[in-house]
């Protein structure tokens, strides 16, 4: 009998959760911009991945076809040493999106973990972590990134990922820390503590689910942020090496005035790709915020 | 108030020391032999057998902490050392820092005026034409990479229309220094301003809306105070504090942005100096430029604190 009762409560919880999910999905679908954003993100991602899977040729220079305008053979034209720009934009998309997603997820995880520890424990631990984050913020992010590029002294994809993660966790950290500081005084947390639940259980199993929504939203918008960051860094020539195309380092060619003047396709297409993707991610993030943020409901 | 300012000033010193420490030791980790930047290559190859003596002479065999102290002492007395090409870093900084301050300063002032202006108008005329255009601009401004805006600017205004030069800061042939400065600064300043305005006007609009919906505005209106006076005297003043703080918080982004924009317009500022120094492994220059930028940031956040204390007595009394 008792067993049956628990089962039914569990069932109820489940059905409540699924109806909330349904409600949220409906709410999301009603936000046309967010749906459009999701659609654009998915389409661009699929295009880039398909391009990578069928193995488009992005690296062979055709020295007789340098800077040729868009045509039937080269839909987006060719770049300064005659490489097919469409393939470069597709493969560059794979790398750019990967950099954005990887850095956003990893820096969110680091920021959330540190924020949870600092916010929940408070005291000296909190003070130390906050000091470190303030130290990081004494530099403009881009300058910090540039300094790390100088220290690591090599322009590789791995180094870039490392630098972005190291310099990108502070915003999530501050947000999560504030949430924890206010949530740790809630009754349910006190109850769990009184029952003798371990600290890590309270922190990650009880409080974390309540902080998940803002973390998801900020991770989404951070994807856009890191893509833009990578683009700027590669544009000034401190990003990934040219042999690994990204949207940013394709645009690096546009540092030359001659390219800007004579070969619009070299900067217009990758520029459009970045703008479109970032725009779509921002719309998607706004839509998610509307759905997930309880404060706005 | 004086005590508050003094306290904040004193807090900046340990912060600066820690930052200089990190910059110095961080760049020591690169493993680039500093002797290359202290002695010219000819001297080095001529004295190949004397390198160890040279090291001793230059103090490169001393413990790192002693070298750090010497470096810091040099900086405090104005001796910034020499770049890879042998020019004194102090001279490079003296010519290039003003250019960057010009660029960032004008953008800050312009974007504050335009951003706050548009923000307030769109809050007063909510859902009007300006509000709508502003919203679209804000969304676009956050999605288009700033350097792409710069490239577009060059393409439209200097290549297609030919109104402004596409690069550099000073034209050696120019006769009027003022006109020359205006022509060269216009495009980079406009590019930086657009990015800042996109963010600022949203904040200005939202805080102004919050203020306009508050009770004391209703009270002011019901007293029969003219509408413009309600907006300016009662609304504007209270809405500006958070906006000013946001403005100051955006300064790092502005400085970061100006590094990129300088690169787009081949503008000879501190950002270009740093970018070039990194690509050519000129690490004495990298250290000094990073330190200058970090110090600027600290001064800015100091000013935010003071400004805040001036505007809001609770801040200085709370301390």
**Report entry** Qualifying position, being more than 13 Å from chain B (Cβ to nearest Cβ), in a helix (DSSP H, G or I) and either in contact (Cβ under 8 Å) with a residue 12 or more places away in the chain or surrounded by 20 or more Cβ atoms within 10 Å (Cβ to Cβ) (or both), among A:217, A:278
**Finding:** A:217
Query raised in the report: Only one of (1) buried (at least 17 other Cβ atoms within 10 Å of the Cβ); (2) within 14 Å of chain A (Cβ to nearest Cβ); (3) closer than 30 Å to residue A:227 by Cα is not met by residue B:164, so which one is it?
Result: (3)
Query raised in the report: Within the range B:263-273, which residues are more than 9 Å from every other protein chain (Cβ to nearest Cβ) and within 17 Å of residue B:183 (Cβ to Cβ)?
Result: B:265, B:267, B:268, B:269
Report task. Inspect all residues belonging to the range B:238-248 and state whether any of them is modelled with pLDDT of 80 or more and not in a loop (DSSP other than H, G, I, E, B). Result -> no
Requested in this report: Please indicate, with yes or no, whether at least one residue in the range B:133-151 is more than 29 Å from residue A:236 (Cα to Cα) and either surrounded by fewer than 17 Cβ atoms within 10 Å (Cβ to Cβ) or without any contact (Cβ under 8 Å) to a residue 24 or more places away in the chain (or both).
Outcome: yes
Query - Total residues in the range B:1-15, condition modelled with pLDDT of 80 or more, closer than 10 Å to residue B:302 by Cα and exposed (fewer than 14 other Cβ atoms within 10 Å of the Cβ) - result: 1
Query raised in the report: Is at least one residue of the range B:135-142 more than 12 Å from chain A (Cβ to nearest Cβ) and in contact with a helix residue (DSSP H, G or I) (Cβ under 7 Å, 6 or more places away or on another chain)?
Result: yes
Requested in this report: Please specify each residue of the range B:275-286 satisfying the condition of being touching a residue at least 40 places away in the same chain (Cβ under 8 Å) and under 17 Å from the mean Cα position of the chain (by Cα).
Outcome: B:286
Query raised in the report: Looking at the range A:251-264, is at least one residue over 22 Å from residue A:147 (Cα atoms), more than 9 Å from chain B (Cβ to nearest Cβ) and assigned to a loop (DSSP other than H, G, I, E, B)?
Result: yes
Query raised in the report: Out of the range A:210-233, which residues are more than 21 Å from residue A:102 (Cα to Cα) and modelled with pLDDT of 85 or more?
Result: none
Query raised in the report: Taking residue A:199 and the conditions (1) free of Cβ contacts under 8 Å to residues at least 60 places away in the same chain; (2) surrounded by fewer than 15 Cβ atoms within 10 Å (Cβ to Cβ), which numbered condition does it fall short on, given that it satisfies the others?
Result: (1)
Report task. Could you check, for the range B:81-90, whether at least one of its residues is assigned to a helix (DSSP H, G or I) and either under 30 Å from residue B:265 (Cα atoms) or at pLDDT below 70 (or both)? Result -> yes
Query raised in the report: Where in the range A:115-201 are there helices (runs of 4 or more DSSP H), lying fully within it, with 1 or more residues that are within 14 Å of chain B (Cβ to nearest Cβ)?
Result: A:123-137, A:141-152, A:157-168, A:170-183
Report task. Would you confirm whether any residue within the range A:223-237 is in a loop (DSSP other than H, G, I, E, B), more than 10 Å from chain B (Cβ to nearest Cβ) and surrounded by fewer than 22 Cβ atoms within 10 Å (Cβ to Cβ)? Result -> no
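The values are calculated or read from the model by the stated rules, or taken from the named source; none is laboratory data. These numbers were taken from a predicted model, which means no experiment stands behind them. So basically every Cβ, Gly included, is an ideal-geometry build from the backbone, and we count neighbours across all protein chains shown.
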